[in-house]
1. Mind checking which strands (runs of 3 or more DSSP E) fall wholly inside the stretch C:158-264 and carry at least 1 residues that are basic (Lys, Arg)?
2. Just to be sure I understand, how many residues within the stretch B:225-256 are in a loop (DSSP other than H, G, I, E, B) and of a type outside the set (A, V, I, L, M, F, W, C)?
3. Name every residue in the stretch B:1-28 that is crowded, with 16+ Cβ neighbours inside 10 Å, among the polar types (S, T, N, Q) and not in a strand (DSSP E or B), in order of residue number.
4. Can you pull out the residues in the stretch A:11-58 that are of a type in the set (Ser, Thr, Tyr) and surrounded by fewer than 18 Cβ atoms within 10 Å (Cβ to Cβ)?
5. Working only within the stretch A:134-151, note down all residues that are surrounded by fewer than 22 Cβ atoms within 10 Å (Cβ to Cβ) and in contact with an Asp or Glu (Cβ under 7 Å, 6 or more places away or on another chain).
6. For A:THR232, state whether it is of a type in the set (Val, Ile, Thr) and modelled with pLDDT of 90 or more.
7. Of the residues B:PRO31, B:PRO36, which is surrounded by fewer than 23 Cβ atoms within 10 Å (Cβ to Cβ) and free of Cβ contacts under 8 Å to residues at least 60 places away in the same chain?
8. Just to be sure before I move on: is C:ASP32 under 29 Å from A:ALA333 (Cα atoms) and either within 19 Å of the chain's Cα centre (by Cα) or more than 14 Å from chain B (Cβ to nearest Cβ) (or both) in the structure I sent?
Amino acid sequence: MLIIKDTCVGCSICVEKCPYDALRMEDGVAVVNMDKCTLCSACVKVCPVDAIEIEQNESKTAVDISEYSGVWVLAEQRNNELLNVSLELVSEGRKLADELNEELTAVVLGSDLSIAGKELVAQGADKVYIVEDEELLQYRTAPYTKVVAELINKCKPEIVLLGATHNGRDLGPRVSARINTGLTADCTKLAIDKERKILLQTRPAFGGNLMATIICPDHRPQMSTVRPGVMTKEEADYDRTGKIEYLDADINADDLGSKVTKEGVILKFSPEFGDEDLLTEIIQIVKEAQHSVNLEQADIIVSGGRGVGDPEGFSVIENLAEVLNGEVGASRAVVDEGWIDKEHQVGQTGKTVKPKLYIACGISGAIQHRAGMNNSDIIIAINTDREASIFDICDYGIVGDLHKIVPMLTEAFDQVLGEE
Amino acid sequence: MKIIVCIKQVPDTNEVKIDQDKGTLIREGVPSIINPEDKNGIEAAVSLKEEFGGEVIVISMGPSQAKVALKEALAMGADEAILLSDRAFAGSDTWATAYTISQAIKKIGDYDLIFCGRQAIDGDTAQVGPQIAENLGLNQLTYVSKIELEGNKVKARRELEQGYSELETKLPVLVTVLESINKPRYASIKGIVNAHTTQEVQVWTADDFKVDKNKLGLDASPTQVHETFIPRHEKKGEILEGSYEDIVDNLIKKLRSENVV
Amino acid sequence: MDFKLSDQQKMIQTVFRKFAEKEVEPIAAEIDESCEFPAENVRKMAEAEMMGIPFPQEYGGAGADTLSYIIGVEELSYRCATHGVILSAHVSLGAHPIYKYGTEEQIEKYLVPLAKGENLGAFGLTEPNAGTDAASQNTTAELDGDEYILNGNKIFITNAGVADTFIIMAMTDKSKGTRGISAFIVEKNTPGFTVGKKEDKMGINASDTRELIFQDCRIPKENLLGKEGMGFKIAMATLDGGRIGIAAQALGIAQRALDETVKYVKEREQFGRPIGKFQGLQWYIAEMATKVESARNLVYKAALTKDAGEPFSTEAAMAKLKASETAMDVTTKAVQIFGGYGYMKDYPMERLMRDAKITEIYEGTSEVQKMVIAGSLLR
């Protein structure tokens, strides 16, 4: 990292931009504290006179990227049902594949995936690889990593996307480390750089305070985990055709099992599982759901923050949500206080939501919360504090007492909707 | 029992604010802390040590100011602290970081359990833990909110988006922990004194353990930062005026006309 | 002359600050109202080995310096003055005399549990007729074979209802005046020793303040601290150290009042602008800030002087005098600036002002401090 003293004009824009507080002005020019500098290159881009250089040499472990082609989505299932994020990713992958003029392949591991295969094709995949085995129904790191890594090494896709779910973020880094490539976590935006034809992966860092666009120029595949609820899932088209291939996974070391496919070609692909591949015995999978809170799919969310006052105060929030047929959300503060279960938490460390309508009641609008809901179509904010930052991102704001306003809204909506 | 804890010193990003007008981060007065989930890792390790005996070694890769974080870890009950610090490590992405730390862990050797925080609050990737596990050929358990040891067996609870799964595996294993797993103890004052007097943080440069120099730092990192920017907000909405009755009326009309409800 | 804190001191400050924020702040207003002693927090402080900071590790302490301990009192007091005085009275008044004057046996038996926080300490000097005139002790201690018999009472004793050991001053030889006072270690629940009801105070409400009553209370003669006749000297030396603690308490209160005021004047708008834009208020704040900073320098210097092994009575008295006056001054001004809101219990300001007052009174009133300072100059 080098600051060209003669070129530096002392505008100190770089000092302000540095997220790590590593730059300061000395005798009219910028000076770097290498103890704090992480070479994130935020300063390089903002310097108006190009006085900062960060030299990066080509990696000694770079690969021949011309050998790689195709966009892959590693789809995730629970109980053989595809997660919504996977369908979102197929839609997103479709766009990327079209731009690159390449094929979109979906890969899914589980035990009974015929329906899933069809859904993936309908969503936009040109090809689907299905790997079925009883031992693959529940996610475990070792067998999944083995199957996926072997497949990637064999087929050499250029881009691999997976949902940034708990499992996706368990699997992604394991696979990327095994195959020696770069992985970008929790992306909220993907694009193709027109010139270099590489993937631009944009994601939040610094707790949501900073957005970083990451590239993986010399290694393949370019891997990303993608935040659920951000990409748009297009309408499924069940008239679409695509190739579904069943790849066998046989647990016992010896057998190379095979299965008749529903359509297309039988391909024998048998990852061998020894006990060490399984490594982890699943004792229990507990799905905690009294009423499964499905914030990510909700069209309407009524959300409560500190302004609600106490656990009992949430009843006005719940009432409004019920009348609107929506879900109840919450800020991290009230979840930490124990006023409501963490399933309702919206934000950087909670759920990301994209409803048509988000009503924020008694929520100040701290950036960590906004990170989870600022893509809502319409945001209404109710807060007694005129200066609350939530008002900066809302479509309609009400400066007032939610304990009075929310019940009034509930009653009014009840009347109006009851008339329909 | 030998337990290794990987920690990172990070700016307290929960305290960082954004200057919307300038489009910059306000970093003033934002202290450097041990990454919160790493602290949970230290607590988990020290608790197990108190239950089963053994030693806890804390390791971190960072600039020399990260010594403060390691001293705090010693004050919390860790027995040894190692800082991997070298110009050559600078600019590492998660892959290069995981490689570097794994090589150091290989030198320490003979470990039973490795704790990492699930993710750091500056990078937010959650990648380094699993990548270290891969490099060491260890099984991994991520998003762990509860852990129990029974001889050579590890029983852990792994949080899922809805619910959890309970898993069992054998030592050695790498575990990434969530904040919900425990409440980290306060560094004892006696511990702080000892961390600054009788105990020392070992500093290892790239020459102190076996590393392939081609796999270090910025040059070896498969991912690179293309650019960074502050997220901006376009919406500046309409504050509805009038009596509560008027506001409610007004709002309902607007929402109905826009077909939202 | 280095005004910066060492790395060790900074880390200790951070731990106390975090503890105060997470454990003390949430209950501060509540215990002021309920007057309930924060036993759970004291237990947590013991766990974090905060109760014996300046005592050697071999005696169960943390082995740190006085300034580290003082910073701890300040950080706790910033959030709640009660927590600050609990620690200060325990360390400086209840434990320190044993450390300084105790025999090995006494140190082992009494100091170690105090330093570890397993026990809580208190100190009894003040009597109904012996406040500023501390030497006018009426409590007596009569040697009878292997025991001393204590008779008399002490009032306004901090930690009285919760302490396990008490340092008690009593007259062993009335004819010798000041030289006839001796110091004793008394365990709670000793037959003949009872505590009165909890006092209802203006401030530091959750601090357990009571009367101590001795009626033919027999204690082993081994519990004499130092030698007969040393009591007054022990008391005065102990108060010298305790003064720095109280000064730190006052400093924490003052700093809190200042910080809250600065925040408030930036947010509160009158006449179309934040009131912090008005010069009158800017001047108030400048004066408040300068007073707090000057008090801080005196408090820290007193602590450093003590650690350097030099005589520090005058420095301690100056620190206590200045810090307590500053606390009263700044909190009163703060309430004024907050206006009506300052008077309401919704905001912490009125509590800060009520808490500040006692710092000008206990462990030697401001008038006593002036006596000490003038005395040292005019010797």
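The values are calculated or read from the model by the stated rules, or taken from the named source; none is laboratory data. The shown structure was predicted, so the numbers you read here are calculated from the model rather than taken from an experiment. Methodologically, a virtual Cβ is constructed for each residue, glycine included, from the backbone with ideal geometry; neighbour enumeration extends over all protein chains shown.
1. Working: elements: C:165-171, C:181-187, C:193-195, C:209-220.
Where strands (runs of 3 or more DSSP E) fall fully within the stretch C:158-264 and carry at least 1 residues being basic (Lys, Arg), they are C:209-220.
2. Kept after step one, since they are in a loop (DSSP other than H, G, I, E, B), are these residues of the stretch B:225-256: B:230-237, B:240-243.
Narrowing further to those that are of a type outside the set (A, V, I, L, M, F, W, C): B:231-237, B:241-243.
Matching residues across the stretch B:225-256 total 10.
3. The answer is B:THR13, B:ASN14.
4. Going through the stretch A:11-58, the residues of a type in the set (Ser, Thr, Tyr) turn out to be A:12, A:20, A:38, A:41.
Listed by number, the list holds a single entry, A:SER12.
5. A:ALA142, A:LYS146
6. Numbers: of a type in the set (Val, Ile, Thr): yes; modelled with pLDDT of 90 or more: no.
Against the criterion (of a type in the set (Val, Ile, Thr) and modelled with pLDDT of 90 or more), A:THR232 does not qualify.
7. Values: B:PRO36 fails: free of Cβ contacts under 8 Å to residues at least 60 places away in the same chain.
Answer to the selection: B:PRO31.
8. Numbers: under 29 Å from A:ALA333 (Cα atoms): yes; either within 19 Å of the chain's Cα centre (by Cα) or more than 14 Å from chain B (Cβ to nearest Cβ) (or both): yes.
So C:ASP32 passes the test.
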